[in-house]
1. In the protein assembly as shown, what % of DSSP beta bridges are antiparallel (nearest 5)?
2. So how compact is chain B: Cα radius of gyration and Dmax in angstrom?
3. Around A:F261, with a cut-off of 11 angstrom between Cβ atoms, what is the net charge of the other residues, counting Lys and Arg +1 and Asp and Glu -1?
4. Most mobile of A:A367, A:A398, A:A121 per a Gaussian network model of chain A (Cα springs, under 10 Å)?
5. Can you give the net charge of the other residues whose Cβ lies under 13 Å from the Cβ of B:R58, counting K and R as +1 and D and E as -1?
6. If R0 is 25 Å, what FRET efficiency do you get for A:K153 and A:V13 from their C-beta distance, rounded to 0.05?
7. For the range A:1-98, state which trypsin sites (Lys or Arg not before Pro) are in a DSSP loop and have at most 15 other beta carbons lying within 10 Å of their beta carbon.
8. Going by the alpha-carbon gyration tensor, a ≥ b ≥ c the square roots of its eigenvalues, is the range B:77-172 rounded (a/c under 1.5) or, if a/c is not under 1.5, prolate (a/b greater than b/c) versus oblate?
Amino acid sequence: MGFPHKPHARETVVLSKYFGDADARTYKGWVKRGGYEMLAQALTMEPAKLIDVVKESGLRGRGGAGFPTGLKWSFMPKEKKKPHYLCVNADESEPGTFKDREIMRWTPHALLEGSAIAAHAIQAEVVYIYIRGEFTEPWTFMDRALAEASAAKVFGPIKIYLHRGAGAYICGEETALMNSIEGKRGNPRIKPPFPAAAGVFGMPTTINNVETLAAVPHILKQGAAWYKGMSLSSPKSTGTKLFSVCGHVQKAGNYEVTMGFPLKDLLYELCGGMRPGRTLKACIPGGSSVPILNREETESCLLDYEGVVEKGSMLGSGGVIVFDDSTDMVYQIMRLARFYAHESCAQCTQCREGTAWTTKILERILAGQGKMADLDLLLDLSENMTGKTICVLSDSCAAPVVSGIKRFKNEFEDYIAGRRRPVIMA
Amino acid sequence: MSVTAHPTPAGTEAYEPVFTGPTLEQLGEIIARYPTKQAALLPALWMVQRARGWISDRNMAEVAEVLGLTPAYVKGVVTFYTMYHQHPVGKHFVQVCTTSPCNICGAEAVTKAFLETTGAKELGATSPDGKRTVIEVECLGACGFATPVLVDDDFIESVTPDKVPELVRKYK
Ligand SMILES: Cc1cc2nc3c(=O)[nH]c(=O)nc-3n(C[C@H](O)[C@H](O)[C@H](O)COP(=O)(O)O)c2cc1C
Ligand code: SF4
Ligand code: FES
């Protein structure tokens, strides 16, 4: 539902059905709602069969990359020679994204159930749920739910532990997350080896996002065909997706719609449109790491993996950031660059230097000391930051810069030419 | 990594260890969750911070000793993560999100209100009465509830400048 607002008739409420319903948080309440039935069933199934069902459903990872979940699970060794692990990515730190928080706050058992099913499918005996350090409230509810469900012995031989992060966006990157669990600095690892071969503690590991795993019990219950049938546009994007909408809309919140839903309708109908007297200027459809769309692109965009790519951006994590005509795009792009500069783990030169210089040049422009050549310099820097580093944080910094200069060049030029007053001090 | 740390580096005062009695037991339970002792490092650092408010060099040496690591290694990890305090902070620690989505909804005015109301001179500084430290942080993962503020372990949604004085009074 459009939490914290009432559900909208055009939502397809699956994962968010119990958002706002405190009884669903308790073990008893969850069982009353049919919870843990699918886990009991899954534990009696052949792992390969479970993987087939998830493959058939078309479920793709909701953490950002959209990798097919069943396929990812199938990369784990079939014949188990070493311990297997499941890591759950609850680090949710991508600006614009706040859906996993709601899943953990309202339906912690949905995540626990989905995680245990996934663990069985990949033959893992241990699950680590990595929750960002700032998520004190989700932690409390997850901790309580885990204690209750463990006492009821629903997980069979599977052990689930919560692991608290300590403030580092980069720990959402899968191999950085594994290093962080191991008690190390959260530096991403060079791949290969991929986690299915050597993940956490050097053992075969699968890592999935919270929303991905929360969908799994529903797929088992209602069938792969049901899930696959939920698709309004591209058949490669199936099921429902939670979109976190924030910024300049009347009703910010989490909205659950079927894949392929028009972005325009999400913004103007479900979210109540712009503030009075304001018009849409730009939108980042998939969390801050994806390119910015202009108004026309936004209003003609269909929300699925393929639809957003067609408009020049990516679905990412489903964090929709809305900017109206009052927005200073140059300033906001600088804020995003500053975010990446702050969060770079500093292993790769292109990223460490590139994010810092990008921020510096943008600040210089905002201080009224930019030169026209700075725009080419920024594009040049961005090119050197794309596709050349250990992880894609570097590319993520370049995305808003390149797309921003392409679509809102006049705003940069206004600062440089002195048509706009500087907004920061040199 | 089985180098024994010197238990009491710099400083001559007696050091009161964090990990004794029930705390040590609790750490033992946490260690048992992982195949390596090292993996209990982040949880151990959280335990220190909860007990002492921040993590000193001597605390790091103790953690190193307990987990069979070196103090330098522990420091390397502590400095990577922004939520571990390497210096004492005010009685209440206020973290305001100012990343772009919150920024366009007025987060900078919220930070300003916190600085003015608490009397903390600048970001990262503690108010003269030692009660409150105010910092800006990057996205808190609650962008639809702009502006979220984390005061100690309390996550507060939808803070606006007019609500700041009341909040400051609440955390005295
Ligand atoms: C810099 C960076 C940050 C990331 N942050 C997150 C995050 O906070 N949560 C998340 O689920 N995935 C995040 N990812 C994606 C993960 O690396 C990984 O692809 C994902 O957790 C896999 O789960 P899925 O297949 O279920 O989507 C991040 C990736 C990068 C490069
Ligand atoms: S791209 Fe940036 S964040 Fe990623 S590994 Fe390299 S330096 Fe670290
Ligand atoms: S940008 Fe402020 S919580 Fe995400």
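Read the figures in this text as sums done on the coordinates, not as results from a lab. All figures in this text were calculated on a predicted structure; none of them were measured in a lab. Here the Cβ is made from the backbone with ideal geometry for all residues, glycine too, and neighbour counts use every protein chain on show.
1. Numbers: 23 of 51 bridges.
Percentage antiparallel, nearest 5: 45.
2. Every Cα atom of chain B included, Rg and Dmax give 18.5, 54 Å.
3. Once positives and negatives cancel, what remains is -2.
4. A:A367
5. Once positives and negatives cancel, what remains is -3.
6. For A:K153 and A:V13, the calculated efficiency is 0.25.
7. Numbers: sites: A:R10, A:K17, A:R25, A:K28, A:K32, A:R33, A:K49, A:K55, A:R60, A:R62, A:K72, A:K78, A:K80, A:K81; in loops: A:R10, A:K17, A:R33, A:R62, A:K78, A:K80, A:K81.
Taking the range A:1-98 and a limit of 15 other Cβ atoms within 10 Å, the loop trypsin sites (Lys or Arg not before Pro) found are A:R10, A:K78, A:K80, A:K81.
8. Oblate, because a/c is 1.5 or more while a/b does not exceed b/c.
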